[in-house]
1. Using only alpha carbon pairs under 8 Å that are at least six residues apart, calculate the relative contact order of the chain and give it in whole percent.
2. For region 216-354, what is the percent of antiparallel DSSP beta bridges, rounded to the nearest 5?
3. Among the aspartates and glutamates, which fall within straight-line cross-link reach of Lys285, defined as a Cα-Cα distance under 15 Å, with same-chain neighbours fewer than 8 residues apart omitted?
4. May I ask you to rank Glu252, Glu84, Glu38 by accessible area, largest first, using a 1.4 Å probe over the protein chains only?
5. Can you give the accessible area per residue of the chain, in Å², using a 1.4 Å probe?
6. Could you tell me which of Ala5, Ser59, Ile37 has its Cα farthest along the dipole of region 2-80 towards the positive end, charges placed at Cβ (Lys, Arg +1; Asp, Glu -1), taken about the Cα centre?
7. How much length, in nm to one decimal, is gained on full extension between Asp128 and Asn382, taken as 0.36 nm per residue of separation minus their Cα-Cα distance?
8. So how do Lys67, Lys260 rank on accessible area, 1.4 Å probe, biggest first, that is with the largest at the start?
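The values are calculated or read from the model by the stated rules, or taken from the named source; none is laboratory data. Given the structure is predicted, the values throughout are model-derived calculations rather than measurements. Please note: Cβ atoms are built from the backbone with ideal geometry, for glycine as well, and neighbour counts cover all protein chains shown. Note: accessible area is taken over every heavy atom of the protein model, side chains too, but ligands, DNA and RNA are not part of it. Shrake-Rupley method; radii C 1.70, N 1.55, O 1.52, S 1.80 Å.
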Amino acid sequence: MSATAKSHYDVLIVGGGMVGSTLACALADTGLDIAVIEKFVPDEIKQNDDYDLRVSAISHSSQNVFKHTGVWPLIEKRRSCAFEKMHVWDADGEGEVEFDAADNGVSELGHIIENRVIQLSLLERMEDHHNISLITGHAVEGIEYGADQSRITLDNGNDISCRLLVGADGANSIVRQAVDIDLEIADYEQKGIVTVVTPEKHHQHTAWQRFLPTGPLAFLPLSNGQCSIVWSADSAEAERLMQLDDENFCRELSHAFESKLGSINSASPRAAFPLIRRHASQYVKDGLALVGDAAHTIHPLAGQGVNLGLMDAASLAEVISAAKLNRRDFTSLQTLRKYERWRRGENQLMMFSMSGFKNLFGNDNPLISKIRNVGLSLVQKNDLVKASLMNRAMGFEGDLPAIARDEYRFEKARQEM
Ligand SMILES: Cc1cc2nc3c(=O)[nH]c(=O)nc-3n(C[C@H](O)[C@H](O)[C@H](O)COP(=O)(O)OP(=O)(O)OC[C@H]3O[C@@H](n4cnc5c(N)ncnc54)[C@H](O)[C@@H]3O)c2cc1C
């Protein structure tokens, strides 16, 4: 997969994870000379392989981005699981809501897909584009930022320069650190435990979420009938859960889930991730942009993290394409600020909504609990509110980039900018 690196590119993307690779694929039509540097490429997936711990709930709008960049068939040929319903309920009371794709006239609410499947499919798609070079197996170690030209150094000593440097290198982005962009950080003091479990009953193509006072517990359906779980809990409780042997963990998990799918027969080895909200003070400078987790991380309770990053990638690609089409400098701060203005508000809104949900559902004050349960019951009874929430979860609300919309009006949108 590794290309022989040239010494200069128009766009150099550090990080070929889900977001950086999507940006490269979305930029393919621009004719720009693009390099993606990824230090680690996972092994190819085989149909009978055990499911990975890291999965994402991919929204409709993110699916559209994959469709319009030619990546979706490559995901489908590997493996994914559509979910048709979403069932949300509160541990402390009677309140519950069920969202059904059929009520919104769609066949599914989204797909649960392993991160590795998404990344491998994107990397495969890049090989179809002669103007994208994928440089793998090497980490970027040094960065010399310049407004007109930046230079990176790989761990093998090679130097590469570029006009536009993009940090898509995740939450601990070295690009962001090298250009001195500050980070606003709020530690949720929780950890997200992830594992793949085999419940007694089939998941019914439903994404389940129960709000416990210690944090939300999600059961996400997988194509082989198993579920991927994300159990967010206050750090001390998460530590305790991590220390349990498999039998006791499965028993506690089944209890925490009110045995909605019967008993839990087995769980794969667990991993725990600290949950931290981060937001970069700037997404852009002259000749520089940050996308995905390099710019923001949020609580995984609504499974929106990578969806926001994919919208960043699609929006930045649209802004760059429009600048190129209209013969403007695609690397100037003036151009790149359009991307920042576009995405910052959308990301902030989602971040605050997730923090609000976390505080609302993590509160065991009886009055708050009452309000919460009445709220859930009202949502369940009100079709309009339900439809609006469902639209947001499917990624249909907000100012979407053209390739994320159902109707692909990219050309038109580019010309309008
Ligand atoms: C417990 C948990 C559950 C989650 N569940 C969901 C979910 O259901 N839905 C959802 O939308 N989001 C979810 N998220 C969030 C989601 O996983 C992230 O938002 C997403 O992985 C971000 O993608 P990214 O490409 O920006 O960054 P990353 O996935 O971190 O990718 C960065 C890439 O850059 C590479 N890299 C880093 N440094 C260098 C370097 N110096 N040189 C070369 N390469 C480098 C890395 O190898 C990596 O491939 C969850 C997060 C957690 C913690």
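1. 21 percent
2. Values: 9 of 10 bridges.
Approximately 90 percent, going by the DSSP bridge assignments.
3. The reachable aspartates and glutamates, counting only those whose Cα sits under 15 Å from Lys285, are Glu144, Asp148, Asp180, Asp182, Asp329, Glu340.
4. Listed by decreasing accessible area, they come as Glu84, Glu252, Glu38.
5. With all protein chains present, the chain gives 42 Å² per residue.
6. Ser59
7. 86.7 nm
8. Order by accessible area, largest first: Lys67, Lys260.
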